[in-house]
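The values are calculated or read from the model by the stated rules, or taken from the named source; none is laboratory data. Because the structure is a prediction, the values reported are computed rather than measured. Heads up, the Cβs are rebuilt from the backbone with ideal geometry, glycines too, and the neighbour counts pull from every protein chain shown. Side chains are part of the model used for accessible areas, which takes the heavy atoms of the whole protein and leaves out ligands, DNA and RNA. Shrake-Rupley method; radii C 1.70, N 1.55, O 1.52, S 1.80 Å.
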Amino acid sequence: MTIINFTPVSGFVGGLFIGVSATMLLWLNGEIAGVSGIVDGALRKPGRTSGRDWLFLVGLIGGAAIEFWLVPGHRAFHAALSWPVFLLAGLLVGYGTAMGCGCTSGHGVCGLGRLSMRSLVATLTFMATGTLTVFILRHLFGVF
């Protein structure tokens, strides 16, 4: 494997922003910054926090769009898989986050920061499943 775009500074700064944002949401509102919960709140639970949830999602997508615009070609993406496979993968991820009562951002960023044993088990499960999936796709099916 060759690292094509090694950017430790931008990775550190991005991680710092994620950590500070998650901490502020917890301290100021008493809520966890889990993306799957925020998407669920925006789409299925209109009410008290849905406006903030929509703003979060617009910022999430808008931030990537701005970075894409400011640095064209910086995050060139080439996928060996078709769009239907990506859609199926997205549905499976959505199902998994519902089954696991949270996603990597909720468990991995916020839960581990609060020393939650449940989040530790969930994060280890996410990582092991992702590692196993890449191994199977790469070595058994030759996808990557």
| field | Under DSSP loop assignment and at most 13 Cβ neighbours within 10 Å, longest trypsin sites (Lys or Arg not before Pro)-free interval of the chain | value | 1-47
| task | With the full set of protein chains in place, find how many percent of the accessible area of segment 102-144 is carbon and sulfur; take the probe as 1.4 Å. | result | 74
| note | Per GNM of the chain with C-alpha springs under 10 angstrom, the most fluctuating residue out of LEU28, LEU60, LEU124 is LEU28
| said: Need one number: nm distance between label points at TRP83 and HIS139, each 7 Å from Cα along Cα→Cβ, rounded to one decimal. | reply: 3.4
| field | Given (i) 56; (ii) 49; (iii) 53, the label whose value is percent of Cα pairs over 21 Å apart derived from this model | value | (i)
| remark: On the formula 1/(1 + (r/R0)^6), with r taken between the Cβ atoms of LEU112 and LEU16 and R0 of 22 Å, the FRET efficiency rounded to 0.05 is 0.85
| remark: Here, TRP69 and CYS101, labelled 7 Å along Cα→Cβ, have an inter-label distance in nm of 4.1
| Hey, rough spin-label estimate for MET24 and THR129, points 7 angstrom out along Cα→Cβ, what's it come to in nanometres? | 3.1
| note | Rounded to whole Å², per residue accessible area for segment 21-144 with a 1.4 Å probe reads 74
